[in-house]
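The structure under discussion appears below in the form of structure tokens.
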Amino acid sequence: MHKKLQLYEKVTPLAQLGIWQRNLITGEIYWNRYVRDIYEVGEHDYLTLEEASKFYVDNEAVGQLIREAVASRQSQMGEFRMVTAKGNAKWVKLRVDAELENNEPILIFGTLEDVTNDISLMRALAEREERFHQAFDYAPIGMAIVSIEGHWIKVNNSLCNLLGYEQEEFLKHTFQDFTHPDDLDIDLSHMYRLLANEIDSYNMEKRYFHKDGREIWIYLSVTLVRDKDNAPLYFISQIKDITERKKSTEMLLRERQRLDNIIKSTQVGTWEWNIATDEAIANQRAATLLGYSPNDFRQAQMKVWFALIHPADQERNRVELTKCMEQKNSFYACECRMNHANGNWMWIEIRGKVVKWSDNGEPVLMLGTFADIHERKAMEEERKKTLGVISEQNSRLLNFAHIVSHNLRSHTGNIQMLLDMLLEETDEEEKAKMMQMLVINSSNLQQTLSHLNDVVDIHSNIDLSKKQLNLNSEINRTLEVLSGSLRQANAKLIVEVSNDIELNYDPAYLESILLNLVTNGIKYRHPDRQVEILIKAEKMDDRAILSITDNGVGIDMNLHGNKLFGMYKTFHENEDARGICLFLVKSQVETMGGKISASSKVGEGTTFRIEFS
């Protein structure tokens with residue numbers, strides 16, 4: 001026995017194996033150093049079986065192991081968790097055997113081995129294996145372990161469900177059975193390269209057949225597991241259903257093709273703008289639209305394109321672009337002139353939309369188009385001119401109608417008034433004066449009709465209606481026309497106009513202007529004082545300034561100043577007020593290139609100031 005212990009003492013350092021022995025007859029105990037190291041006790045500490053068993057978490061199981069060794073006369077082994085004298089937890093492997101004499105145990109001996117690292121490693125492996133199986137079995141995508149011959153070793157439910165099979169039925173097939181014939185050779189080629197150690201893994205899109213016969217697009221990822229000698233063991237495959245993605249991709253390609261066809265048919269230029277770098281990518285049509293070669297804009301920045309915009313349109317373009325980038329508008333749209341390669345300005349409609357924003361709300365990417373609208377803008381301009389001519393013609397017709405109405409009414413009213421006064425007059429001398437006034441008015445009426453006829457004849461050519469007129473003579477003729485009204489109103493007239501002021505003016509317009517403004521002074525006279533009308537004119541450089549002032553009821557300029565010359569605007573309670581005279585005067589003055597303004601105070605009177613160009 002002594003020799004055996006000596007042998008053990010020599011071998012145990014190699015295995016770091018603890019050896020122990022207990023003589024049940026003498027009570028002698030033997031521990032080698034490794035037993036003490038495991039228990040973490042002192043060099044001279046020897047514990048009884050009862051004392052040693054207290055270190056084990058399940059000391060009853062340890063006692064049972066010893067009893068079984070004695071009873072069975074065979075060695076027993078177990079793995080137990082213990083807490084050392086220093087409080088450290090360990091896993092140990094305990095081997096127990098007994099020596100009997102006359103069927104009675106006289107000696108118990110065995111080994112003690114620290115297997116903490118082995119147990120921890122095995123538990124880690126077991127946990128990892130369990131996690132793998134959990135991930136494998138319950139993965140949302142298909143997973144499979146496939147033999148190097150192509151047979152299924154293990155598949156998860158997701159893969160079975162993907163192809164419509166129960167697992168038992170699924171395992172009766174090979175992956176070749178499920179693979180579309182057109183994809184099989186590519187898949188096998190990758191697999192052979194994997195087995196030849198040319199690649200570590202491979203990915204591919206391929207088609208499987210569902211149990212009902214329809215095709216399913218899948219994304220396949222395959223790796224090969226090898227043993228420690230690098231010999232291939234099995235494949236691990238991950239299979240993801242991408243059928244819907246493929247359908248969406250195909251639909252997107254069809255839509256893109258359709259969009260390309262539309263762009264080609266509409267001749268629209270397209271561009272893509274990286275706002276952060278200012279890099280702009282445009283198609284060929286965008287360049288040729290403006291007469292340039294695509295090479296002229298290779299790797300160009302967007303500022304190069306914007307530099308082609310007409311200076312007068314730059315600000316409008318900037319404003320519209322800013323609205324879009326600040327998310328005030330969903331789209332950026334601007335019609336502007338751009339410089340064609342031939343030097344001409346070409347009308348282009350630029351449209352764009354930000355399709356990508358940063359996390360802090362800054363624009364990142366914008367897509368847009370250039371469209372040729374030059375012909376459309378030319379047509380719009382022509383239409384504007386046509387509408388302008390029509391509008392001017394309508395305005396002149398309306399103006400002419402009012403001139404006819406007002407001028408003739410002034411003459412006929414004055415003649416009617418003189419006739420009434422003539423019938424009532426008994427003094428022959430006064431009758432003679434009135435008859436003379438009727439003759440003058442009749443002559444003036446004839447002249448007015450001539451002027452109106454001239455207006456009809458000249459139609460749209462305003463220059464042909466202008467004549468050289470003496471302002472003082474025209475004022476006197478107007479006052480003769482209104483002589484009856486002035487006499488009836490007992491009006492006091494003051495005319496301060498020199499004979500040397502000449503106007504190049506339309507006679508009908510000038511007569512209408514003077515008639516309306518003088519009549520206005522009579523019509524809106526103050527009830528408590530005599531009518532006074534002051535007519536003044538002076539030369540200023542190449543212009544003539546005419547002012548007509550009355551002492552009538554006046555107008556509240558704070559209340560009515562901004563609508564004084566508006567059509568159908570009246571400011572007093574006169575029954576015959578129509579709100580057309582001042583509108584007509586302003587239209588006629590501005591048509592002839594002049595300006596009119598007014599100043600007035602309520603209760604004091606009004607002054608109209610006309611600037612003849």
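Computed over the Cα atoms of region 30-135, pair by distinct pair, the Kirkwood hydrodynamic radius stands at 15.3 angstrom.
Since only 472, 355, 559 are under comparison, the one whose Cα sits farthest along the positive direction of the charge dipole of the chain, derived from C-beta charges on Lys, Arg, Asp and Glu, is 472. Normalised Debye scattering of region 271-310 at q = 0.30 Å⁻¹ gives log10 I(q)/I(0) of -1.11, counting only Cα atoms as equal scatterers and leaving out solvent.
Suppose R0 equals 51 Å. What FRET efficiency, 1/(1 + (r/R0)^6) with r the Cβ-Cβ distance, do residue 186 and residue 341 give to the nearest 0.05? It comes out at approximately 0.55.
Relative to the Cα centre, the charge distribution of the chain, modelled as +1 at Lys and Arg Cβ and -1 at Asp and Glu Cβ, gives a dipole magnitude of about 440 debye. Heavy-atom accessible area for residue 233, with the other protein chains in place and a 1.4 Å probe, reaches approximately 80 Å².
Packing, taken as the mean count of other beta carbons within 10 Å per residue, orders the peptides 334-343, 517-526 from highest to lowest as 517-526, 334-343.
Positive-end ranking of 41, 174, 134 along the dipole of the chain, with charges on Cβ about the Cα centre, is headed by 174. Relative contact order of region 24-167: 14 percent, from C-alpha pairs under 8 Å at least 6 residues apart in sequence. Taken over the C-alpha atoms, the chain has Rg and Dmax values of 57.2, 188 angstrom. Using C-alpha pairs under 8 Å with a sequence gap of at least 6, the mean separation divided by the residue count of region 152-306 gives a relative contact order of 12 percent. Comparing region 148-273 with the 2.2 N^0.38 Å rule of thumb, its C-alpha radius of gyration ratio is 1.42 (two decimals). Each of residue 209 and residue 77 was given a label point 7 Å from its Cα along the Cα-to-Cβ line. The distance between the two points is 5.3 nm. Annotation: amide H-H contacts under 5 Å for residue 594 (H modelled 1.01 Å from N, sequence separation of 5 or more, or interchain): 613.
Per-residue extension of 0.36 nm, minus the Cα-Cα distance of residue 193 and residue 223, leaves a gain of 9.7 nm for this segment.
The residue among 144, 483, 213 whose Cα reaches farthest toward the positive pole of the charge dipole of the chain, with charges on the beta-carbon of Lys, Arg, Asp and Glu, is 483.
Here the Karplus curve 6.51 cos²θ - 1.76 cosθ + 1.60, taken at θ = phi - 60°, turns the phi angles of region 130-147 into couplings of 5, 5, 4, 5, 5, 5, 5, 5, 10, 5, x, 10, x, 9, 8, 10, 10, 5 Hz, with x standing for Gly and Pro.
A simple spin-label model places pseudo-atoms 7 Å from Cα toward Cβ; at residue 602 and residue 233 they are separated by 10.7 nm.
As a calculated quantity, the FRET efficiency between residue 145 and residue 252 at R0 = 35 Å, using C-beta atoms, amounts to about 0.50. The residues 435, 417, 302, sorted by heavy-atom accessible surface at 1.4 Å with ligands and nucleic acids left out, run 435, 417, 302 from largest to smallest. Computed 3J(HN,Hα) for region 518-532, one whole-Hz value per residue from the Karplus formula 6.51 cos²θ - 1.76 cosθ + 1.60 where θ = phi - 60°, is 5, 4, 4, x, 6, 5, 10, 6, 6, x, 9, 8, 5, 5, 10, glycine and proline marked x. By the rule of a C-alpha distance below 19 Å, with chain neighbours fewer than 8 residues away ignored, the lysines paired with residue 303 are 323, 353.
For the pair residue 502 and residue 385, a Förster radius of 30 Å applied to the C-beta separation gives a FRET efficiency near 0.35, rounded to the nearest 0.05.
Below 8 Å between Cα atoms, with a sequence gap of 6+, how large is the relative contact order for the chain in percent? That works out to 5 percent. Taking only Cα atoms, what is the 0 to 90° angle, nearest 10, from helix 59-72's long axis to the longest principal axis of the chain? Between helix and principal axis, roughly 40 degrees. Where only DSSP H runs of four or more residues are counted, the chain gives -14500 deg cm²/dmol as its mean residue ellipticity at 222 nm, each run worth -39500 (n - 2.57).
The values are calculated or read from the model by the stated rules, or taken from the named source; none is laboratory data. Remember, it's a predicted structure, so these values are computed and weren't measured experimentally. Cβ coordinates were reconstructed from backbone atoms using ideal geometry, including for glycine residues, and neighbour counts include every protein chain displayed. All accessible areas refer to the heavy atoms of the entire protein, side chains included, with ligands and DNA or RNA removed. Shrake-Rupley method; radii C 1.70, N 1.55, O 1.52, S 1.80 Å.
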